[in-house]
Amino acid sequence: MQAVGQLASGCAHHFNNLLTVINGYAQFLIGALGPDSPLVRDAEAIWKAGERAASLTSQLLAFGCPAEVQTRALDLNDVLRDVGEMLHSLLGEDVVLKIKLAEDLGMVKVNPGQMEVVVLNLATNAREAMPSGGVLSLETANVELDRAYAARHPGVEPGHYVMMTVSDSGCGMTPEVRERIFEPFFTTKDPVTRAGMGLATVYGIIEQSGGHI
Ligand SMILES: Nc1ncnc2c1ncn2[C@@H]1O[C@H](COP(=O)(O)OP(=O)(O)OP(=O)(O)O)[C@@H](O)[C@H]1O
Ligand SMILES: [Mg+2]
């Protein structure tokens with residue numbers, strides 16, 4: 001089983017690199033064609049399929065063989081700057097993107113591709129929660145989690161952390177939905193087309209990176 005896991009996550013790395021190129025060029029195409037072009041829907045279909053493939057690949061990376069995921073010291077501000085451009089086109093014109101980056105932000109040891117997957121999954125959910133527009137806010141900060149906080153959040157060790165806050169002005173969720181959001185295959189959207197894996201993937205990546213969500 002371990003060999004299968006290694007094979008899966010090794011392949012996943014290569015796939016991820018290729019998908020980044022495919023999705024990047026698809027986005028360039030969408031931008032270059034413009035909204036009135038008859039071909040823009042085809043380019044969008046390529047991009048959407050590529051995004052789904054990337055999300056599936058990240059699940060292989062997150063659950064297939066965590067030991068194989070390569071991490072390095074990273075500034076989360078850089079991740080947000082890097083995905084900023086992509087976020088603007090993902091969110092569309094009706095959603096205002098507000099980014100507030102802390103100065104002297106601490107470094108975190110994570111896989112850069114996985115952190116992008118985290119941000120993109122959260123931003124996608126936010127956009128879907130704001131069908132007629134709104135505000136998506138991304139914020140970074142250095143925080144200290146004390147014993148009282150740790151006592152309220154099982155699995156959290158007190159100490160210094162880097163925090164990334166993602167909030168939207170969308171529909172929000174009921175306490176019942178909120179209780180289940182990290183469950184794999186849980187979705188309140190169209191179950192035929194939706195995997196309900198976005199937040200389960202995010203959860204897997206964050207926990208595996210030694211973080212907390
Ligand atoms: N920003 C948000 N605002 C309101 N509800 C949300 C938000 N993010 C997630 N949810 C709720 O949590 C559920 C699970 O989210 P998740 O991203 O795991 O799956 P999904 O978006 O339904 O499908 P997928 O991400 O696989 O396409 C959603 O169906 C939705 O009900
Ligand atoms: Mg989602």
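The values are calculated or read from the model by the stated rules, or taken from the named source; none is laboratory data. All of these numbers come straight from a predicted model, not from anything done at the bench. Here the Cβ is made from the backbone with ideal geometry for all residues, glycine too, and neighbour counts use every protein chain on show. Just so you know, the surface numbers come from the protein's heavy atoms only, side chains and all, with ligands and any DNA or RNA stripped out. Shrake-Rupley method; radii C 1.70, N 1.55, O 1.52, S 1.80 Å.
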Top of Asp75, Asp36, Asp104 by mean-square fluctuation, Gaussian network on the chain, Cα under 10 Å: Asp36
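Based on the Cβ-Cβ distance from Asp82 to Glu176, what FRET efficiency comes out when R0 is 35 Å, to the nearest 0.05? Show your work: numbers first, answer last.
On the way: r = 36 Å, r/R0 = 1.02.
According to the calculation, E is roughly 0.45.
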Residue-normalised accessible area of the chain, expressed per residue, 1.4 Å probe, Å²: 61 Å²
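Using 1/(1 + (r/R0)^6) with R0 = 45 angstrom and r between the beta carbons of Val143 and Leu39, what's the FRET efficiency to the nearest 0.05? Don't jump to the answer; show the numbers that get you there.
Working: r = 47 Å, r/R0 = 1.04.
E between Val143 and Leu39, to the nearest 0.05, is 0.45.
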Over 23 Å [Cα-Cα, the chain], rounded percent: 51 percent
Residue among Val177, Val118, Val95 with the largest mean-square fluctuation in a Gaussian network model of the chain, springs linking Cα atoms under 10 Å: Val177
Net charge contributed by nearby residues that have their C-beta within less than 13 Å of Gly133 (K/R +1, D/E -1): -3
Highest-MSF residue in the chain out of Pro158, Pro112, Pro38 [GNM, Cα springs under 10 Å]: Pro38
Percent accessible area from carbon and sulfur atoms, the chain, protein chains only, probe 1.4 Å: 57 percent
Extended-chain gain in nm, criterion 0.36 nm per residue less alpha-carbon gap, Leu101 and Phe28: 23.6 nm
Amide H contacts of Ile99 (H built 1.01 Å from N, under 5 Å, at least 5 apart or other chain): Leu138
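Using the Cα centre of the stretch 119-213 as the reference point, and only Cβ charges (+1 on K/R, -1 on D/E), how large is the resulting charge dipole? Debye, rounded to the nearest 20. Spell out each step's value before the answer.
On the way: 7 positive and 11 negative charges, 34 e Å.
Computed charge dipole of the stretch 119-213: roughly 160 debye.
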